[in-house]
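All remarks here apply to the structure that follows.
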There are 2 protein chains.
Amino acid sequence: MTSLRIIPLGGLGEVGKNMTVFELGDEIIVVDAGLAFPRDEHLGVDLVLPDFGYLEERAANIRAVVLTHGHEDHVGALPYLLREVRVPEVWATKLTLELVASKLDEHGLMRSTELRELVPEDGAVEIGRFRIEAIRMAHSIPDSVALVIESEAGRVVHTGDYKIDHTPVDGFKTDVGKLAEVGNRGVDLLLGDSTNAERPGVTQSERVVGEAFRQIIPARTGRVLISSFASNVHRMQQAIDVAVQVERKVAVVGRSLRKNINIARNLGYIDVPEDTMIRTQRIDEFRPHELMILCAGSQGEPVSALTRIAYNDHPAVKVERGDTVIISAKPIPGNELKIHDTINGLTKLGAEVLHEDNAPVHVSGHGKAEELRTILSLLRPRAVMPVHGEYRMLAAHARLAQEAGVPSDSIVIAENGSVVELTPGAPPRIVEHVEAGMTFVDGLGVGDVQDVALRDRRHLSEDGVLIVVATLATNGSVAAGPPELIARGFAETGPLLDEMREEARRVLDQCLADNVDEIKLLQEHLHDGIGQLVYDRTRRRPMILPVVIEV
Amino acid sequence: MTSLRIIPLGGLGEVGKNMTVFELGDEIIVVDAGLAFPRDEHLGVDLVLPDFGYLEERAANIRAVVLTHGHEDHVGALPYLLREVRVPEVWATKLTLELVASKLDEHGLMRSTELRELVPEDGAVEIGRFRIEAIRMAHSIPDSVALVIESEAGRVVHTGDYKIDHTPVDGFKTDVGKLAEVGNRGVDLLLGDSTNAERPGVTQSERVVGEAFRQIIPARTGRVLISSFASNVHRMQQAIDVAVQVERKVAVVGRSLRKNINIARNLGYIDVPEDTMIRTQRIDEFRPHELMILCAGSQGEPVSALTRIAYNDHPAVKVERGDTVIISAKPIPGNELKIHDTINGLTKLGAEVLHEDNAPVHVSGHGKAEELRTILSLLRPRAVMPVHGEYRMLAAHARLAQEAGVPSDSIVIAENGSVVELTPGAPPRIVEHVEAGMTFVDGLGVGDVQDVALRDRRHLSEDGVLIVVATLATNGSVAAGPPELIARGFAETGPLLDEMREEARRVLDQCLADNVDEIKLLQEHLHDGIGQLVYDRTRRRPMILPVVIEV
């Protein structure tokens, strides 16, 4: 009898958020292939990928990638994965598949895998020794699913990201009937979204936001701008519905937002009368009260449309007194200050800015504690492995599972890289740990910026850098010229620079007088002498790079 | 008849938060002298001071600094100000004065000014041509006051930071009676705290937190740790009261926290039975359920007690399963991720962590919209200048003032550096702008790190630095040796480094062949050639520093 090995591999501070490996003997399926966004300490890094090492070593075993929904943190790493390993099939629901196709197309990777549609209503598909069944779940992007992953090792349910919205905008509710049916069949292990496990109660329906739009927008006499996540198709639909009702034209500003809306329209996920949409270039033809502008930048991203509008620096859109800006999103932790700046800028221009704190213009896409309890009741799993969350959230989810009657020894809090083994008739347990670091994408480089480079960037960012260039006569006996000093990020000019130059000369003379002429030693003495001087004078520790050249 | 000039000078993104100048002819009083904490983009900066330039140019005119309360953002810049200009008197209430005295003592500045106690119950004091009267206001530190500033130009009220707490812990309520009396006398201009102007309703009483402590702590069987701002004396008192009741000993961890508690005890602002407090060294003598530990670090500061405890790296305090940590504070925007890390660390160690999101363990120190309306009703000011807040908050406060009947042309939204002129019988107006930049404190340096250095630090932090050292024979005709390259923060080793070295040599040879031998030009060519190569290969733009040496 073979055990199933479950290995969460991606997520920055979160477990199994971006990628989870399911391995049965020599067959692997990968659930999600998403990316994380760098934190402040990842200076200069653009994206953070899961660690593909485990998969690269077993590339021949990979049968498929199965995606739960189309958010970047669940699909964004797919192009990078496909460059490293051959993946025969990628399975996903319709919208997710289209979003992925457009992404692979941009990366020139359309021929590298076969895209296959997962239709929840069609029942299970067989992928090698796995049977995979999708269950519709409500979330902040349409076509999200949970996965039932069956194999000889047992029946595992992976919820993906979800909330239990009984009145979603697209009509695709969380399919509680099917969840109950799977629960009746018996669930050996539940991997459940823990994002809001700490929050009591129930997340409000997406419809609440539409209601707010219907209350707010008709009374407005200036422009209405709405900014949300580019993938929040329901949110766009609700905004557009109100625009149609009050006869405003809708312009879309921001490349990825426009792309997503186009894909969603083509698939019938967004319904807009043809003459409602206008091109950005035509904005000037309409008066403020005839316009609704959907724009990217709800996280205060420096080069996004909304940020440029807030600084009065957008080529097509301006904001003035009488306009209303609705920020229909929640700050991702770490983005708060940037969003505050955007709100201040827009307010200074005269706009009224509505956001989560002062109007009901956003709801979460993740279920809260009572919804997690509902899932536990419907599925009645024998064991639970909380995923998708920081440790504190996993711990809160574990408490909910315990309260729901799951025995403590059947609740596993794993970390990225933990190998959780599921064997029929036994509780799951962590049997080993594999490498699950982070891979940084910086410019074109994938994985070439590592901890040493980041540590150096951090050092440089704190106190700057000082370069000392000293030249020695070839016989190593005399300095061939005065040392050159270049400081950046501190003391770029001024008396300290002169003092450091004096110190460099002093150290050099002293070394030569003492017959210290090995270049490595000279560099060390320069480094230490100048470092001490700078520290004494300023309490700073710039990076000091001495170069000694024999000529 | 002389006009009063009011000039907000300090605050990072906030107006008049840290310092406001009141100038009447050749007499100046300064209200508050606080500092701001650097934002992420202020790489390596420790503190941000208000711009003292205006005061330095008029140093002989300064009569006094008057402080509204003892928080760092209102008193922390005083030592730096006293080093730059002579201030004959510093006025403040008892606790504020003691906190300031201890600060000046540390900076060796006790003899540089006269500290004078402001007693709200004693009525007005005369400072030159100003009459200053203090009114007790409730806030998150005891002994906070509003100031009534009277002169021939009119009667101005500056609220300081406040909430209207009818049941504060220290018995010093916001003195609504006196506010009403001042309102009856007639207020020409109100400078009012705008921090929570956007939030509807009323801030809860400090007593609510004590109630939460009384509910939470008695049931706990492990250690109880409580972390709050070091100056929140009421909060400490309420925690200590529960400790006494459940017979736990109290240890204080963190230098500034201990200092503040000592000052508050000596003045009678904290009441603790002698045998309740224990030294940190004695913690090991007690069992977990006999201990309450008050500790610094509620903002996730990297070297604070709570952070070290969360990483199991504190010499005296450890946390384990069964312990409870109460974070009795709100994240200052920008600190969210650090606090999340702390909570995750503590949860991993097994502690239950209670914080604002999951328990009523914190209330704000600033009044919300209804309290601002109450102040407007009590004072009925002829004109309003919202202060203490980002632009969006000032705008919200302005709306409240308008709704309260203050005419639009008598509401002034100023920026730092705006000179607001108040002349009897006329609405206040902005007449000019003076320099009001930020002064950075970095290590021992005050003001020596400026925008250029910060921009360079930012550049260095994004993509690192490359140093290219080339040597030329003195006649400038041949390269005297191969170029030396040092990369930090990118491509520190590997093929790209070799390729860049080749490019440097190629550029150099080309230049010499073309008879380009001016050092400045050679450096430019090296910079551009290598920069282009790096960008083509990596899409990165490290800082490139070429050094060409003639030998």
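Tabulated data
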{"read-out": "For residue B:535: the one exception among (1) outside any helix (DSSP H, G or I); (2) within 11 Å of another protein chain (Cβ to nearest Cβ)", "value": "(1)"}
{"read-out": "Matching residues in region A:499-523 - criterion: being out of contact with any strand residue (DSSP E or B) (no Cβ under 8 Å at 6 or more places or on another chain) and away from every other protein chain (no Cβ under 14 Å)", "value": "A:502, A:503, A:506, A:507, A:510, A:511, A:513, A:514, A:515, A:516, A:518, A:521"}
{"read-out": "Residue count for region B:328-350, restricted to those that are open to solvent by less than 10 Å² (accessible area, probe 1.4 Å) and over 25 Å from residue A:415 (Cα atoms)", "value": "2"}
{"read-out": "Residue A:460 being open to solvent by 80 Å² or more (accessible area, probe 1.4 Å) and facing another protein chain (nearest Cβ under 10 Å)", "value": "no"}
{"read-out": "Inter-residue pairs, beta-carbon under 9 Å, first without any contact (Cβ under 8 Å) to a residue 12 or more places away in the chain and facing chain A (nearest Cβ under 7 Å) and in region B:539-551, second open to solvent by 40 Å² or more (accessible area, probe 1.4 Å) and not charged (D, E, K, R), 6+ apart", "value": "B:539/A:444"}
{"read-out": "Hey, residue B:435 open to solvent by 70 Å² or more (accessible area, probe 1.4 Å), within 30 Å of residue B:45 (Cβ to Cβ) and away from chain A (no Cβ under 14 Å) or not", "value": "yes"}
{"read-out": "Residue match in region A:139-147 (condition: outside the structural domain of residue A:329 (by TED's automatic domain parsing), open to solvent by 20 Å² or more (accessible area, probe 1.4 Å) and without any contact (Cβ under 8 Å) to a residue 60 or more places away in the chain)", "value": "no"}
{"read-out": "Tally of residues being part of a helix (DSSP H, G or I) and over 13 Å from residue B:191 (Cβ atoms) across region B:373-391", "value": "5"}
{"read-out": "Close pairs (9 angstrom Cβ cut-off, 6 or more residues apart or separate chains): in the same structural domain as residue A:195 (by TED's automatic domain parsing) and within 20 Å of residue A:11 (Cα to Cα) in region A:73-96, among the aromatic types (Phe, Trp, Tyr) and open to solvent by less than 10 Å² (accessible area, probe 1.4 Å) anywhere", "value": "none"}
{"read-out": "Single residue of A:373, A:382 found to be under 28 Å from residue A:195 (Cα atoms), open to solvent by 40 Å² or more (accessible area, probe 1.4 Å) and in contact with a strand residue (DSSP E or B) (Cβ under 8 Å, 6 or more places away or on another chain)", "value": "A:382"}
{"read-out": "Some residue of region B:113-134 being more than 26 Å from residue B:422 (Cβ to Cβ) and under 22 Å from the mean Cα position of the chain (by Cα)", "value": "no"}
{"read-out": "Index of the failed condition, residue A:230 passing every other in (1) at pLDDT below 95; (2) of a type in the set (A, V, I, L, M, F, W, C); (3) over 30 Å from residue A:287 (Cα atoms)", "value": "(3)"}
{"read-out": "Failed criterion for residue B:471 (all others in (1) facing chain A (nearest Cβ under 9 Å); (2) within 30 Å of residue A:46 (Cα to Cα); (3) open to solvent by less than 20 Å² (accessible area, probe 1.4 Å); (4) touching a strand residue (DSSP E or B) at 6+ places or on another chain (Cβ under 6 Å) hold)", "value": "(2)"}
{"read-out": "From the options B:356, B:352, B:371, residue that is over 25 Å from residue B:11 (Cα atoms) and away from chain A (no Cβ under 11 Å)", "value": "B:356"}
{"read-out": "Single condition residue A:451 does not satisfy, out of (1) at the interface with chain B (Cβ under 9 Å from one of its Cβ atoms); (2) under 22 Å from residue B:489 (Cα atoms); (3) open to solvent by 20 Å² or more (accessible area, probe 1.4 Å); (4) at pLDDT below 90", "value": "(1)"}
{"read-out": "So residue B:51, is it more than 21 Å from residue B:23 (Cβ to Cβ), among the charged types (D, E, K, R) and either modelled with pLDDT under 95 or surrounded by fewer than 16 Cβ atoms within 10 Å (Cβ to Cβ) (or both)", "value": "no"}
{"read-out": "Hey, residue B:392 touching a Pro at 6+ places or on another chain (Cβ under 9 Å), touching a residue at least 60 places away in the same chain (Cβ under 8 Å) and not hydrophobic (A, V, I, L, M, F, W, C) or not", "value": "no"}
{"read-out": "Meets criteria (modelled with pLDDT of 95 or more and within 21 Å of the chain's Cα centre (by Cα)) for residue A:24", "value": "no"}
{"read-out": "Residue among B:436, B:453, B:473 that is more than 30 Å from residue B:19 (Cα to Cα) and small (Gly, Ala, Ser)", "value": "B:473"}
{"read-out": "Qualifying residues in region B:20-59 (those that are within 14 Å of chain A (Cβ to nearest Cβ) and of a type in the set (D, E, K, R)) - the one farthest from residue B:447 (Cα to Cα)", "value": "B:40"}
{"read-out": "Complete set of residues in region B:411-427 that are open to solvent by 10 Å² or more (accessible area, probe 1.4 Å), away from chain A (no Cβ under 14 Å) and of a type outside the set (A, V, I, L, M)", "value": "B:421, B:423, B:424, B:425, B:427"}
{"read-out": "Pairs, first closer than 30 Å to residue A:452 by Cβ in region B:469-496, second modelled with pLDDT under 75 and assigned to a strand (DSSP E or B), C-beta under 8 Å, six or more apart", "value": "B:470/B:479; B:471/B:479"}
{"read-out": "Residue match in region B:197-204 (condition: crowded, with 24+ Cβ neighbours inside 10 Å and either within 23 Å of residue B:137 (Cβ to Cβ) or at pLDDT below 95 (or both))", "value": "yes"}
{"read-out": "Check on residue A:192, under 17 Å from residue A:386 (Cβ atoms) and either hydrophobic (A, V, I, L, M, F, W, C) or not in a loop (DSSP other than H, G, I, E, B) (or both)", "value": "yes"}
{"read-out": "Subset of region A:62-97 [open to solvent by 10 Å² or more (accessible area, probe 1.4 Å) and either out of contact with any Asp or Glu (no Cβ under 9 Å at 6 or more places or on another chain) or aromatic (Phe, Trp, Tyr) (or both)]", "value": "A:72, A:80, A:82, A:83, A:86, A:91"}
{"read-out": "Boolean, residue B:394 is away from chain A (no Cβ under 11 Å), crowded, with 21+ Cβ neighbours inside 10 Å and assigned to a helix (DSSP H, G or I)", "value": "no"}
{"read-out": "Yes/no for residue B:513 being of a type in the set (Gly, Ala, Ser), more than 42 Å from the chain's Cα centre (by Cα) and open to solvent by 30 Å² or more (accessible area, probe 1.4 Å)", "value": "yes"}
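Table: residues versus (1) of a type in the set (A, V, I, L, M, F, W, C); (2) closer than 24 Å to residue A:367 by Cβ.
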| residue | (1), (2) |
| --- | --- |
| A:99 | yes, yes |
| A:102 | no, no |
| A:120 | no, yes |
| A:153 | yes, no |
| A:165 | no, yes |
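The values are calculated or read from the model by the stated rules, or taken from the named source; none is laboratory data. Because the structure is predicted, anything quoted here is derived from the model rather than measured. With ideal geometry, Cβ positions are generated from the backbone for all residues, glycine too; neighbour counts draw on all protein chains shown. Accessible surface is based on the protein model in full, side chains and every heavy atom, while ligands, DNA and RNA are left aside. Shrake-Rupley method; radii C 1.70, N 1.55, O 1.52, S 1.80 Å.
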